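Read the structure below first, then the notes.
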Amino acid sequence: MKNETEHLRWGWLGNLDRSLSTLILDKGRLVRAKNNTTLYSLGQPQDCLYGIVGGAIKMLVTMNEQYPRFGHIAGPGFWFGETEAVTGQVGIMDMMAVGDTTLLCVSRDVIDEIAAVHPGMWPALTLLAIQNQGLAIGAADDLMIRDTSKRLAAVLLRLSSRRNAMQGVSPLNHIPINWNDLSEAANLARSTVAEKLSEFSHRGLIRKRRRMIEILDANGLENVLTEPAQ
């Protein structure tokens, strides 16, 4: 398992003492989830801190809605579930596997075991919570961008782990989402998303694929954010 999870040392674990990150990796257990498997959902108990080893996780926002809405997607190296695992509260989002996904699960019992021998465990989880809070605040801020081209560019950069990527994970060049997901994430009509994606594709910034958007020019998407408003 060591070689399989070693790349998790990048990002959040890369900020920690080496001995602590080794304990987390050694004491976690691998979990395999098939496409569309829900790891946990709103109101359901869960006690695992998860690190994505392979595949991706779709995050569905459900707190204030009657049905789940796509909010974010994360790939290898991303960690989540720290709040529920530490506080024991029920899930506040739906977390669903995209494709065959492998995760490292560090249960609350294991967290307590590690904390008993390493004083850095609780500060490390606080850091992770702050990083994920920063991602959430950045996402909310982007949704207040009035210019539709800029808003969609900002959302694409976030979904590819290039904007507000507080954990420092490697960027995704292929975002496994469909247009409906992107429409929900950007809070834009599907017709607007289709129009802007065609524009970005014509400019060589992205390539539209079936159930996937490929980032071709991340710097070009960044430049969209500084262009004069239309």
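The values are calculated or read from the model by the stated rules, or taken from the named source; none is laboratory data. Everything numeric in this text was worked out from a predicted model, so none of it was measured. Note that each Cβ is placed from the backbone with ideal geometry, even for glycine, and that neighbours are counted across all protein chains shown. The area values use the complete protein model at the heavy-atom level, side chains included, leaving out ligands, DNA and RNA. Shrake-Rupley method; radii C 1.70, N 1.55, O 1.52, S 1.80 Å.
Points worth noting:
- Filter result for the condition that a residue is crowded, with 21+ Cβ neighbours inside 10 Å, among the aliphatic types (A, V, I, L, M) and more than 30 Å from LEU188 (Cβ to Cβ), over ILE24, ILE52, ILE73: ILE24
- Residue match in the stretch 56-71 (condition: touching a Leu at 6+ places or on another chain (Cβ under 6 Å) and in a helix (DSSP H, G or I)): no
- Per-region count, the stretch 44-79, residues under 20 Å from SER107 (Cβ atoms), in contact with a helix residue (DSSP H, G or I) (Cβ under 7 Å, 6 or more places away or on another chain) and β-branched (Val, Ile, Thr): 1
- Candidates SER161, SER149 - the one that is of a type in the set (S, T, N, Q), touching a Ser or Thr at 6+ places or on another chain (Cβ under 8 Å) and touching a residue at least 24 places away in the same chain (Cβ under 8 Å): SER161
- Any pair with Cβ under 9 angstrom, 6 or more apart, that starts in the stretch 49-75 at a residue that is over 18 Å from GLU6 (Cβ atoms) and at pLDDT below 85 and ends at one that is of a type in the set (Ser, Thr, Tyr) and open to solvent by 20 Å² or more (accessible area, probe 1.4 Å): THR62/SER41; PRO68/SER41
- Counting only helices (runs of 4 or more DSSP H) wholly contained in the stretch 140-230, the ones carrying 1 or more residues that are closer than 30 Å to THR126 by Cβ occupy 148-159, 179-186.
- Within the stretch 55-70, the set of residues being open to solvent by 30 Å² or more (accessible area, probe 1.4 Å) and of a type in the set (A, V, I, L, M, F, W, C) comprises VAL61, MET63.
- Qualifying residue in the stretch 6-24 (condition: farther than 15 Å from GLY75 by Cβ and aromatic (Phe, Trp, Tyr)): no
- Identity of the residue in the stretch 110-145, of a type outside the set (A, V, I, L, M, F, W, C) and in contact (Cβ under 8 Å) with a residue 12 or more places away in the chain, that ends up nearest to MET166 (Cα to Cα): GLN131
- Every residue from the stretch 188-209 that is exposed (fewer than 13 other Cβ atoms within 10 Å of the Cβ) and within 21 Å of ALA74 (Cα to Cα): ARG209
- Residue list for the stretch 1-36, filter: part of a loop (DSSP other than H, G, I, E, B) and more than 18 Å from SER107 (Cβ to Cβ): TRP10, LEU16, ASP17, LYS34, ASN35, ASN36
- Figure legend. Inter-residue proximity from the stretch 166-184: first residues within 18 Å of THR62 (Cα to Cα) and open to solvent by 30 Å² or more (accessible area, probe 1.4 Å), second residues modelled with pLDDT of 90 or more and in a helix (DSSP H, G or I), beta-carbon distance below 9 Å, spacing 6+ or different chains. Indicated pairs: ASN180/ARG190; ASN180/VAL193.
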